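The values are calculated or read from the model by the stated rules, or taken from the named source; none is laboratory data. Because the structure is predicted, anything quoted here is derived from the model rather than measured. Note: ideal-geometry Cβ built from the backbone for every residue, glycine included; neighbour counts use all protein chains shown. Remember, those area values only see protein heavy atoms, side chains included, never the ligands or the DNA or RNA. Shrake-Rupley method; radii C 1.70, N 1.55, O 1.52, S 1.80 Å.
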Amino acid sequence: MPPFFHGECREYPIPGSAGEAQVLKKNHKLMAFHFRTYASPLFLECRLSRYLPEETVPLRKSFSLIKQRIAMTEYVIAPPPAPSLPVAGTAARFPIRRVFCVGRNYAAHAREMGNDPSREPPFFFMKPADAIVPASGSVPYPSATNDLHHEIEMVVALGKGGVNVMAEDALALVWGYAAGLDLTRRDMQAVAKEMSRPWDFAKGFDASGPCSEIHPVRQVGHPHQARIWLKVNGEIRQDGNLNEMIWPVADIVSHISRYVALAPGDLIFSGTPAGVGKLQPGDAVQGAVEGVAEFNFVVGTPKFRAASEQQMS
């Protein structure tokens, strides 16, 4: 008799990208080894946790039906949690596959960073999917920096994928929008720029992408002209409009699709207006893309300190 397991189940509005399989029905009590499966109209992710109690023997028949339809995958360690964000107004989650970020997409911000805002081709960098965290409660101040900066951005969530997508077709890939922050270790980024090194640790650290709930296109449409702002301790720091983007969302999606195959679950941080600045532990942060999404959180203390910081103290 094979072992039986149960655990937690999360619902997603779009399918994930790995281990997909059809099941006969949704059952929040039945889990197997880590798998992802369609359960129309939502999408379930189920994760291994512990043995199913013996007294639930009647559930085994249902489990055997699921087992017949799923190619089980055995992992040598427990799979990490699948990154996701809540969908506004529902219990569903939006699964995160990859996170793309657009650099210097507002002319005024390009100028404040010492760059020419001419409409040169956009450039991109990335964050790990698990760097995306809810922009609520407390967001930890990162280690190894004394110059953490905020950059508020509209976040684009893709529900479809594609390659070499034409700009006029690009918005059909978008599932929804959110408001998020591209948190940046500015001191570390400055050193990386000076030495022509990658920005990875300046941009892609733990919790470097606080983000609001995802709002579906069917509710908010495709915003082209909306105020985007950020306050720190009640004081306006950034205040712009989406119509100030050098490259609008459709162009951004089209450009990225020339270099990589976009897929459902991809997020795109679309650039930040002028006014980026420093954050400190204890700061109260509020931000919004008006008519789309808003957030507020407090900057917490570091989860840990780098070894070099400990040696200096």
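What the table below lists for this structure:
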item	result
Some residue of the stretch 74-81 being modelled with pLDDT of 85 or more and crowded, with 18+ Cβ neighbours inside 10 Å	no
Criterion (in contact with a His (Cβ under 7 Å, 6 or more places away or on another chain), closer than 24 Å to ALA131 by Cα and open to solvent by less than 80 Å² (accessible area, probe 1.4 Å)) met by exactly one of ALA293, ALA202, ALA288	ALA293
Positions within the stretch 175-199 being open to solvent by 10 Å² or more (accessible area, probe 1.4 Å), closer than 18 Å to GLY275 by Cα and under 20 Å from the mean Cα position of the chain (by Cα), in sequence order	ARG185
Positions within the stretch 170-187 being over 15 Å from PHE269 (Cα atoms) and either part of a strand (DSSP E or B) or without any contact (Cβ under 8 Å) to a residue 12 or more places away in the chain (or both), in sequence order	ARG185
Selected residue (criterion: farthest from GLU294 (Cα to Cα)) from residues of the stretch 76-110 that are in contact with a Ser or Thr (Cβ under 8 Å, 6 or more places away or on another chain) and among the charged types (D, E, K, R)	ARG97
Qualifying residue in the stretch 258-281 (condition: of a type outside the set (S, T, N, Q), out of contact with any helix residue (DSSP H, G or I) (no Cβ under 6 Å at 6 or more places or on another chain), part of a helix (DSSP H, G or I) and open to solvent by 50 Å² or more (accessible area, probe 1.4 Å))	no
Members of the stretch 205-222 found to be part of a loop (DSSP other than H, G, I, E, B), crowded, with 20+ Cβ neighbours inside 10 Å and not hydrophobic (A, V, I, L, M, F, W, C), listed by number	SER208, SER212, GLU213
Among (1) open to solvent by 10 Å² or more (accessible area, probe 1.4 Å); (2) at pLDDT below 95, the one test that ARG93 misses	(2)
Some residue of the stretch 145-157 being within 13 Å of PHE269 (Cβ to Cβ), of a type in the set (S, T, N, Q) and open to solvent by less than 30 Å² (accessible area, probe 1.4 Å)	no
Test result for SER254, assigned to a helix (DSSP H, G or I) and either in contact with a helix residue (DSSP H, G or I) (Cβ under 8 Å, 6 or more places away or on another chain) or surrounded by fewer than 20 Cβ atoms within 10 Å (Cβ to Cβ) (or both)	yes
